[in-house]
Every structure is written in structure tokens, then in C-alpha cells.
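In what follows, a structure is listed as C-alpha cells, so that the remarks can point back to it.
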Amino acid sequence: MTSFSQIWTILKKDLILELRTREMLISMFLFVMLTMVIFNYSFSADRNDLTAFGGGLLWIAFIFTALLGLNRSFAHEKEGGCLDGLLLSPIDRSLIYTSKVLSNFIFLSIIQIITIPIFTIFFIRYNYFPMIVLFILGIFLGNLGIASIGTFVTTLAINTKRRDLLVPILGLPLMMPILWLAVTISGNIMAGPLGPNTLKEVVRAVQILALFDIVYFVASYGLYDFVIGE
Amino acid sequence: MEDIEIKVSGLKKDFGRRKVLKGIDFSLKKGGFLSVFGPNGAGKTTMVKILSTLEAPTKGDVTIAGIDLMADPIPIKKKIGLISHNPLLYGDLNAHENLRFYGVLYKVDDLESRIDELLDRVELSNRRYDYVRTFSQGMTQRLAIARALIHKPSILFLDEPHIGLDPHAVDILDGLLDDIRAEHTFVMVTHNLEKGLTLCSQAMILDGGKIVFFEEKNDIKRNKFEAIYKKSVKGEVV
């Protein structure tokens with residue numbers, strides 16, 4: 001059996017468990033929708049127009065939604081001692097990391113696929129559809145970065161009593177570069193037509209974000225064996 | 001030369017300043033059955049966790065089936081199974097899905113017939129598509145036994161396996177142990193003196209992270225064993 005099929009086996013199990021319990025997705029969805037409604041009342045109650053700062057607000061909502069999901073990402077493993085079951089299996093522990101990154105990435109993406117169109121229809125007055133590929137690339141890379149470092153930090157905190165507190169404390173500073181770059185990409189695209197200089201800035205942000213993702217993923221993958229189960 | 005399956009030398013484990021294992025040395029022959037007794041906090045579960053690759057030792061060497069545990073754990077993982085008081089099962093997967101999940105990770109050949117065979121053996125065939133969270137504790141533990149045996153391990157670690165079992169489940173577990181006794185090596189942590197001494201080929205008492213008693217079954221003098229055991233357990237109470 002290849003590494004890919006071992007990753008798929010663990011990922012498939014996570015997806016089945018989430019589809020059955022919906023514990024993570026429902027709480028993430030409710031949280032992100034509530035955040036957006038509050039943003040609207042706070043910043044633009046009468047006009048329903050968040051075009052100027054839509055990207056920033058969107059990522060504020062996503063980062064806290066992601067933290068909510070990350071805190072739940074090992075919940076099934078903690079119940080019944082299933083993490084020990086995984087660690088007993090003859091698989092490379094880094095493959096457990098990869099499958100967990102993918103499941104966290106997928107769950108956050110599902111939330112975004114539902115909420116971004118809603119947010120855009122109600123609050124964004126500029127049609128950024130011509131730049132949709134670049135926009136989706138920014139969301140994709142942002143998610144990957146958050147899932148990579150978030151999964152690592154969640155694993156570090158998994159055996160501590162205050163893991164709900166530790167994940168944001170350890171994770172948010174490490175996620176700041178990801179957030180800054182993701183907001184630069186999404187914010188500029190949502191706010192209006194991109195001039196040559198802004199387009200250059202957005203493309204540059206995409207390149208740096210991809211670099212951050214690679215560094216975070218490779219470093220976490222390499223170090224994972226030392227943090228899980230200890 | 002005797003066929004040594006498990007060899008432990010100078011095994012130490014610290015959790016911060018707390019020294020849980022303070023230098024454990026023993027060896028177990030292939031096909032042997034080691035019963036480990038001792039008070040709570042003696043280091044029994046920690047020792048089993050290290051032997052089953054779940055914890056890394058602070059110091060010392062462990063060789064299982066001739067393979068260095070620290071250097072090459074993956075081949076060892078294929079040879080060992082663990083039955084503990086934690087079932088290591090997903091409540092929101094059914095019995096079949098749980099066994100299939102672990103079977104795929106262990107690359108078990110002809111997995112479906114192996115699952116059928118084990119579900120029959122633990123008398124859960126009729127509940128194969130029910131979620132594990134709907135099982136009683138005894139049924140969950142029976143499925144945990146099937147999980148531990150899915151890949152036909154040659155070495156079984158049993159950490160207080162009888163805890164929480166109803167008498168029927170105890171019979172099933174004991175029957176299974178009897179069936180596979182000849183071709184397996186066992187390390188069992190237990191507080192049940194009668195069961196532990198009946199099943200074992202060697203007995204060990206751990207106290208305060210050290211071995212205070214280790215003898216072959218035939219050499220065990222029951223009075224001496226019980227005196228040492230009671231002394232160590234009383235220490236826990238005081």
C-alpha cells in the first residue's frame with residue numbers, strides 16, 4: 001500500500017465521521033455567518049456595502065472559524081483513545097499529519113464555498129468575477145497555510161489540559177504572515193478594479209504566500225514525528 | 001541459544017522530574033507469557049506503552065523480535081497488538097468500518113474474510129453495521145479484541161484487559177487467549193492475581209518504577225510472591 005492510500009484511508013475516515021456527526025461543520029458555519037451579520041451591522045448597517053474592507057473582514061471571520069475547527073480536528077481521536085490506535089499502526093506519523101492537514105483544509109474550504117458567495121451577493125458592490133481565478137488561488141493558498149500550521153499547533157496542544165487556549169495563543173502569531181498576504185490578495189480583488197501596480201502587488205503576495213505554505217508544510221511535516229504522541 | 005522475543009535493558013522513563021521507570025531489565029522468550037503486577041503508579045502501563053511504541057524511553061534499549069525499537073519501529077508495529085482498557089475504536093463508525101479502517105492501515109490480506117472471522121469469534125457478527133457508540137462496554141471491549149488481532153500480531157500486550165468486561169466477555173477473551181496462546185508471546189498487566197498467575201510463564205512485580213520480583217512460573221513460591229505483592233500494594237495505600 002502506498003503512502004497515498006494510507007493518507008486517503010485516514011482522510012476518508014475523518015470525512016465520514018464529520019458527515020455523520022456534523023459537529024465541526026455546523027459550528028463553523030454558524031460562527032462564520034454570525035460574524036458576517038455582526039460585521040454588517042457594525043460597519044454598514046444601512047447600505048449593506050462592505051466592498052472597501054470586505055477581504056479583511058472575510059479573513060477575520062475565516063481565521064476564527066478555522067481555530068474553532070482546528071480545536072475539534074482531533075476530537076474523534078481523543079475519544080476512546082483512537083490516537084493511540086493510529087500511532088500503533090505501521091504508518092509514518094508524517095502521513096497522519098498530511099491527512100489531517102487535508103481534512104482541515106477541506107472543512108474550511110466547504111465553509112468558504114458556502115459563505116463567500118453569500119457574503120459577495122449581500123455586501124460586495126464590485127463585480128470581481130473577472131479576477132476569480134486569482135481570488136480562488138489566494139483563498140486556496142491561505143487555507144493551506146492555516147491548515148498546515150494549524151494542524152501542527154493543534155497536535156502540540158492535543159495532550160494539554162488547556163488546548164482550546166493554546167491553539168490560538170501558539171497558532172495566531174504563526175498565522176499572521178498567512179493572514180496578511182491572504183487579506184492583501186482578497187481585499188484588493190474585492191475592493192475594485194486592479195491597476196497595474198495593485199495587480200503586481202497581488203501577484204507578489206500570491207508568490208510569497210505559496211512560499212510560506214511550502215515552508216510551513218515542510219517544517220511541520222519534518223517535525224511532526226517529534227510532537228505527536230509525546 | 002534461546003529464542004528471545006523481547007529484551008529490555010536499563011529502561012528508564014521520566015516525565016519531567018518524575019521518574020516513572022528507574023531501570024528495567026528483563027527478557028521474554030518467544031511464546032512466553034509475562035504477567036506484570038504492581039500497585040497503581042508503579043509504571044506498568046508506561047512500560048507497556050514503551051514496548052508497544054506509544055512512548056519513547058528516556059534511556060535504555062528495547063529489542064523486539066530482534067529489532068531495535070527506537071531505530072526501526074515500523075516493522076515492530078506490524079508484529080504487535082495492544083488490548084487496553086481504552087478500546088481505540090471510533091464511536092461513530094460501525095464495527096465493520098472500524099475493523100476495516102485498521103485492517104487497511106495494517107495492509108491485511110483478504111481483509112473481508114479476516115473481519116468476518118474475527119466478528120464471528122467475538123460474537124458480534126449480528127451487530128457488524130451498528131455504530132460502536134451504541135455498544136455496551138463489554139461489546140466494545142470484545143470488538144477491541146478483534147481490532148487488536150486484525151493483523152495477526154505475534155506479540156500481544158494486554159493492559160488490564162479484563163477491566164469492564166462482563167463474565168461472557170471475560171470468557172470470550174480467555175477463550176481467544178487460549179486459542180492463540182501457542183503461537184503468541186504475551187505481556188499482560190493485571191491486578192487479578194489468580195488470572196495472571198494461571199496464565200503466565202513468568203511473573204513480574206513492579207513497584208516505584210523498579211522490578212521487585214521476577215521469576216519463572218515454576219519457581220514461584222506463592223507465599224513469597226504474595227508477601228511482596230501485598231507489601232507493594234500497601235505502600236500505595238499508605
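Summary table
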quantity	calculated
Gain on full stretching of the segment that runs from A:Ile106 to A:Thr21 - 0.36 nm per residue minus C-alpha separation	29.0 nm
Lys pairs, the stretch A:3-227 - Cα-Cα below 30 angstrom, 8 or more residues apart or on other chains	9
Rough spin-label spacing in nm, given labels placed 7 Å along Cα→Cβ, for B:Glu117 and B:Lys217	2.5
Long-range amide H partners of B:Phe213 with built H, under 5 Å	B:Ile205
Taking chain B and dividing mean pair separation by its residue count, relative contact order in percent (alpha carbons under 8 Å, at least six apart)	28
Angle in degrees between helix A:93-123 and the longest Cα principal axis of chain A, rounded to the nearest 10	20
CD proxy at 222 nm, helix term only [per DSSP H run n ≥ 4: -39500 (n - 2.57); per residue of chain A; nearest 500]	-28500 deg cm²/dmol
Distance in nm between pseudo-label sites at A:Ala219 and B:Asp3 (7 Å out along the Cβ direction from Cα)	5.0
Dipole magnitude (debye, nearest 20) for the protein assembly as shown, charges at Cβ of Lys, Arg, Asp, Glu	1060
Residue among A:Gly69, A:Gly80, A:Gly138 with the largest mean-square fluctuation in a Gaussian network model of chain A, springs linking Cα atoms under 10 Å	A:Gly80
Tally of Lys pairs whose C-alpha atoms are under 24 Å apart, taken over the stretch B:132-238, 8 or more apart or cross-chain	20
Point-to-point label distance, B:Lys22-B:Ile180, nm (Cα→Cβ direction, 7 Å offset)	3.6
Net length gained if the chain between A:Leu30 and A:Thr198 were fully extended (0.36 nm per residue, minus Cα distance)	57.1 nm
Angle in degrees between helix B:95-105 and the longest Cα principal axis of chain B, rounded to the nearest 10	70
Acute angle (nearest 10 degrees) that the helix A:23-43 long axis makes with the longest principal axis of chain A, alpha-carbon atoms	20
Cα lying deepest toward the dipole's positive end in the stretch A:75-132, options A:Phe123, A:Leu87, A:Leu102, charges on Cβ	A:Phe123
Spatially proximal aspartates and glutamates relative to B:Lys30 (Cα-Cα < 15 Å; intrachain offsets below 8 disregarded)	B:Glu2, B:Asp3, B:Glu5, B:Glu183, B:Glu216
The stretch A:3-227, relative contact order in percent, only Cα pairs under 8 angstrom and at least six apart counted	28
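Only the coordinates and a few stated rules stand behind these numbers; no lab work does. Values in this document were obtained by computation on a predicted structure and should not be read as measured data. Methodologically, a virtual Cβ is constructed for each residue, glycine included, from the backbone with ideal geometry; neighbour enumeration extends over all protein chains shown.
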